[in-house]
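Q: What follows is a structure written as structure tokens; I'll ask about it next.
We did not get these values from a lab; they are worked out from the coordinates using the rules stated. No experiment lies behind these values; they were computed from the predicted model shown. A quick note on method: Cβ atoms are made from the backbone with ideal geometry, for glycine too, and the neighbour counts reach across all protein chains shown.
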Amino acid sequence: MTHLSTFWSLAHAETLLSLVALFFLKKNGLLKQFSYLAALLAVKVVSQAIFAPIFYFAHHGLSHRLAYFIYFYTYWTSFAIESVLWLVVIYSMYKLAMEPLPGLQKLGMLVFRWAAAISAVVTIAMAFGPHATVILALAAAVTQLQQTASILTLCLLVFLTFAIRPMGLTFRSRIFGVSLGMGILATNNLIGAAWFSGNAQMGMTLDMFNAVTSLVTMILWTTYFALPEPKRGIIMLPTTSPYLRWNQISLALGGSPGFVAVGGVSPDAFAGAELEMMRRSSIKSAMKVTEITDHAIAV
């Protein structure tokens, strides 16, 4: 009973900090920039607002079967929404981080889209795999999606750690702070999945570990959103920088090609002024050719 009360205290503290983080996002005008993270926090708050009455009424006359039914579907529905939002948050953090280099930004976003598509295919395959019930199939699919999002989050965090200076950011930047928090949650999810798969009887301990990790992440995000952020530095890359080279290559690969008029164009396709300019240019060119020819003959 002590463990359960401690768990709910941590859960309530996490919900309160989520609301505080949303408050600072609103106060500092960051809702548009971090809209997907705000949606993720809102889903957490709503799900906890549903869980608390369920457990209260379960101990005050509500049927345990009905309480478990509501809890189960609320939990997995919110878990699925959070997993999808998690992917979108990672995507948006990379997009914000790479704004100074549009070529690399576009290339990385393309990679993220392919990774998300592959993740969706694997999730659907997990859902249609051999499972005892439809509920277990959906649970396995959502879990797979969440684990994929965790791996992508850790990849993004490693990239930002090495590229934070070239991108004009610092470790006090909110982009890094959000990514760091996501990385903490991702590490917790991957470790928890491996731990729980071999120690199913330690479910309560895992829940406590998850609650502590989530609380630490909410404290981190609230701090980053409450404190002023240093201005983004000017991007100064040497000519030998791999970031600059890859950005140039990405722009060259993704840029639209130029167009050249080869021939067979009807004069009707041009305006009168354009035809007059071409006529005068032709006369000048002809005069220059004549002058060059006369000079050559004279010599």
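Q: Using 0.36 nm per residue of separation minus the Cα-Cα distance, give me the extension gain between A193 and I70 in nm, one decimal.
A: Values: separation 123, 0.36 × 123 = 44.28 nm, distance 2.38 nm.
Contour length minus the Cα-Cα distance gives 41.9 nm.
Q: Further question: Neighbour counts of other C-beta atoms within 10 Å: give me Y56, Y36, Y75 arranged from fewest to most.
A: Details: Y56 12, Y36 18, Y75 15.
Ascending Cβ contact count within 10 Å gives the list Y56, Y75, Y36.
Q: Cα gyration tensor of segment 136-194, axes a ≥ b ≥ c as square roots of the eigenvalues: rounded (a/c below 1.5), prolate (a/b > b/c) or oblate?
A: Details: a/c = 3.26, a/b = 2.93, b/c = 1.11.
Note, shape of segment 136-194 comes out prolate.
Q: Just rank V20, V142, fewest to most, by other beta-carbon atoms within 10 angstrom.
A: On the way: V20 17, V142 21.
Lowest to highest Cβ neighbour count: V20, V142.
Q: Would you please classify the overall shape of segment 3-62 from the alpha carbon gyration tensor, given that a ≥ b ≥ c denote the square roots of the eigenvalues, rounded means a/c under 1.5, and beyond that prolate means a/b larger than b/c while oblate covers the rest? The partial results should precede the final answer.
A: Details: a/c = 3.73, a/b = 2.43, b/c = 1.53.
Verdict is prolate for segment 3-62.
Q: Right, here's the next one. Could you derive backbone 3J(HN,Hα) for segment 73-89 from the dihedral phi with the Karplus parameters 6.51, -1.76 and 1.60 (θ = phi - 60°), listing whole Hz in sequence and x where the residue is Gly or Pro?
A: Result, rounded to whole Hz: 6, 5, 4, 6, 5, 5, 5, 5, 5, 5, 5, 5, 5, 4, 4, 5, 5.
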